[in-house]
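The values are calculated or read from the model by the stated rules, or taken from the named source; none is laboratory data. Predicted model only: the values in this text are computed from it and were never measured. Using ideal geometry, Cβ is built from the backbone for each residue, glycine included, and neighbour counts are taken over all protein chains shown.
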């Protein structure tokens, strides 16, 4: 039982990272109709922002985390201005290809800047553990789950209790109607990319102590976030959360109780089953063209 508890918490921690990446995925898709295939590289950039501030610049924890998230917010703005805006009148396929190309560029930029050698990002609660049901649980893993829960709560408040969030939901529902109602559509679209970048930055900072920071880490994260959105429901924030946690748990439990060689196969097999049986996912509506 102790082993199961430990694996379950670790699965929740990894799943929380996938959930944050998937939420950023969904926010951008809901607002713009674009599937951002650079989402994994966003998380990778968040991890390496931590490497730059914590390891290279030797900043104290609060300043390093604040600087990393500020860099990610700036990156979100630059991505919106330099990638989305120039391509916004192109076909969705063209924009998606653009995100793939930028993701490859980001990976190579990180390789040129930091090299191919992986980094170990330290945790502010390094080495601290608690005992739960006989299992020794990392405080960092519990912190990842707690931070994700807090971020989900803050996002709910933003989207349902602020005028900015209501405006973002209006843009996601019908961008032309939102523009006719006088909403600052471009600002709200930019905010969607900023939020996606910030969530990816938080995910990257939390993932760094659990994984080695490597320039290739973005690809598997993007695939797992995509699987999470398919399972939970494309365009659904609750679906992104549930899907991310499900993928994380299936990965960790599958690797432990079946075989580590099949951990990815399990997640993607479940995704394929959903595509065949329930393509709208757990919480999603039936797939249809955006209005």
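Hey, any hits in region 125-134 for a residue that's buried (at least 16 other Cβ atoms within 10 Å of the Cβ) and either in a helix (DSSP H, G or I) or out of contact with any strand residue (DSSP E or B) (no Cβ under 7 Å at 6 or more places or on another chain) (or both)? Explain how you work it out, then say what you get.
First pass over region 125-134, keeping only residues buried (at least 16 other Cβ atoms within 10 Å of the Cβ): none.
No: region 125-134 contains no residue that is buried (at least 16 other Cβ atoms within 10 Å of the Cβ) and either in a helix (DSSP H, G or I) or out of contact with any strand residue (DSSP E or B) (no Cβ under 7 Å at 6 or more places or on another chain) (or both).
May I ask you to list the residues in region 117-137 that are touching a residue at least 24 places away in the same chain (Cβ under 8 Å) and under 22 Å from residue 206 (Cβ atoms)? So that I can check it myself, show each step before the final result.
Restricting attention to region 117-137, the residues satisfying the condition of being touching a residue at least 24 places away in the same chain (Cβ under 8 Å) are 118-124, 126, 132-137.
Within region 117-137, 118, 119, 120, 121, 122, 123, 124, 126, 132, 135, 136, 137 meet the criteria.
When you check residue 188 against the structure, is it within 17 Å of residue 155 (Cβ to Cβ), over 15 Å from the mean Cα position of the chain (by Cα), in contact (Cβ under 8 Å) with a residue 40 or more places away in the chain and crowded, with 20+ Cβ neighbours inside 10 Å, yes or no? Can you show your working first?
On the way: within 17 Å of residue 155 (Cβ to Cβ): yes; over 15 Å from the mean Cα position of the chain (by Cα): yes; in contact (Cβ under 8 Å) with a residue 40 or more places away in the chain: yes; crowded, with 20+ Cβ neighbours inside 10 Å: yes.
Yes, satisfied.
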Task: Qualifying position, being touching a helix residue (DSSP H, G or I) at 6+ places or on another chain (Cβ under 8 Å), under 25 Å from residue 244 (Cβ atoms), assigned to a helix (DSSP H, G or I) and modelled with pLDDT of 95 or more, among 147, 77, 83 - done: 147
Open item on the list: Residues that are within 16 Å of the chain's Cα centre (by Cα), under 18 Å from residue 34 (Cβ atoms) and crowded, with 23+ Cβ neighbours inside 10 Å: does region 240-263 have at least one?
Closed with: yes
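Determine which member of the set 66, 24, 98 is touching a residue at least 40 places away in the same chain (Cβ under 8 Å), part of a helix (DSSP H, G or I) and within 21 Å of the chain's Cα centre (by Cα).
On the way: 66 fails: touching a residue at least 40 places away in the same chain (Cβ under 8 Å); 98 fails: touching a residue at least 40 places away in the same chain (Cβ under 8 Å).
Of 66, 24, 98, the one residue that is touching a residue at least 40 places away in the same chain (Cβ under 8 Å), part of a helix (DSSP H, G or I) and within 21 Å of the chain's Cα centre (by Cα) is 24.
Let me confirm something: among 212, 274, 226, which residue is under 18 Å from the mean Cα position of the chain (by Cα) and either free of Cβ contacts under 8 Å to residues at least 24 places away in the same chain or crowded, with 17+ Cβ neighbours inside 10 Å (or both)?
It is 226.
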